[in-house]
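The structure under discussion appears below in the form of structure tokens.
Taken together, the values in this text are just the output of simple stated rules run on the coordinates, not laboratory data. None of these values were measured; they are calculated from a predicted model. For neighbour counting, all protein chains shown are included, and Cβ atoms are generated from backbone atoms with ideal geometry for every residue, glycine included.
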Amino acid sequence: MWYRILLSVIIIFSITIFQITFLGSFGIYLSNFNLLLSMLVFLLFVINFRSVLFFVIMAGLIMDIFSSLPFGIFLVCFFLSAVISELLLFSFFTNRSFYSVMSLGIITTIIFNILFLVLSGIAYLTGMSEFYIGRGYLLELIYQILNVSIVLFLLFFVVNSFSKAFKPNFISS
């Protein structure tokens, strides 16, 4: 049990460090890969929500540690994105198809960015942060949606070819 938790923390930490240090050092397109958001959407389809909440809390805490924004912004954004995505998953996207994975990925990315804009805007207006949104944020959002879609596309087809997690179950009589 403890090995599983420790392994999960190491994987989350590794993905976060890879996203911040390696992908963040490239140009505008590659720096907008949000691997944590892609993993959040993918894990919603594969594992139970309690494990997803562990992933979300750990990812939010690690992102907050490495961020210059007030502590808790990423944690709240990831947490609320996960809760809203879980509600959408069980209300609208119940068939676990390719289209539902991609749609939920795009919706979750937009929800995350709206929450991030609202919370960082409140932090800026209250004087808690010097972070403000530049003119190129909409282009970065489009790149982030494309990148999340690419990662989810690859993850879906890899898991679909090796597992039955996304294959429909038909009732035969």
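If one takes the longest principal axis of the Cα atoms in the chain, at what angle in degrees, from 0 to 90 and to the nearest 10, does the Cα axis of helix 73-91 lie?
In the chain, helix 73-91 runs at an angle near 30 degrees to the longest axis.
Give the order of 58, 102 when sorted by the count of other beta carbons within 10 angstrom, beginning with the fewest. Please report the intermediate quantities before stating the final value.
Values: 58 20, 102 17.
With the fewest neighbours first, 58, 102 line up as 102, 58.
Take 137, 3 and order them by how many other Cβ atoms sit within 10 Å, fewest up front.
Details: 137 13, 3 7.
Placing the least packed residue first, the sequence is 3, 137.
Using θ = phi - 60° and the Karplus relation 6.51 cos²θ - 1.76 cosθ + 1.60, list the HN-Hα couplings for the range 41-47 in order, rounded to whole Hz, with x at every Gly or Pro.
Calculated HN-Hα couplings, in order: 5, 5, 5, 4, 7, 9, 10 Hz.
In the chain, which longest range has no trypsin sites (Lys or Arg not before Pro) that are both DSSP loop (not H, G, I, E or B) and surrounded by at most 12 other Cβ atoms within 10 Å?
Between exposed loop sites, the widest span is 1-134.
Between residue 87 and residue 22, what is the spin-label point distance in nm, taking each point 7 Å from the Cα along the Cα→C-beta axis?
3.6
Report the extension gain between residue 10 and residue 110 in nm, rounded to one decimal, defined as 0.36 nm multiplied by the number of residues separating them, less their alpha carbon distance. Present the calculation step by step, with values, prior to reporting the outcome.
Working: separation 100, 0.36 × 100 = 36.00 nm, distance 2.74 nm.
Difference between extended and current length: 33.3 nm.
On C-alpha positions alone, give me the angle between the axis of helix 49-66 and the longest principal axis of the chain, in degrees, nearest 10.
20
Suppose the chain between residue 153 and residue 95 were pulled fully straight at 0.36 nm per residue; how much longer would it get relative to their current alpha carbon spacing? Walk me through the numbers before you get to the answer.
Details: separation 58, 0.36 × 58 = 20.88 nm, distance 1.64 nm.
Separation in residues times 0.36 nm, less the Cα-Cα distance, equals 19.2 nm.
Return 61, 37 ranked ascending by Cβ neighbour count within 10 Å, so the fewest neighbours appear first.
Values: 61 16, 37 27.
Listing 61, 37 from fewest to most nearby Cβ atoms yields 61, 37.
Compute the helix-to-body angle for 98-125: its Cα long axis versus the longest principal axis of the chain, expressed 0 to 90° and rounded to tens.
Approximately 20 degrees, to the nearest 10.
For the chain, what does the alpha-carbon gyration tensor say about shape, rounded, prolate or oblate, given a ≥ b ≥ c as the root eigenvalues, a/c under 1.5 as rounded, and a/b over b/c as prolate?
On the way: a/c = 1.78, a/b = 1.58, b/c = 1.13.
Since a/c reaches 1.5 and a/b is larger than b/c, the shape of the chain is classed as prolate.
Sticking with the crude label model, points 7 Å out along Cα→Cβ, report the distance from residue 160 to residue 132 in nm, one decimal please.
Distance between the two pseudo-spin positions: 4.5 nm.
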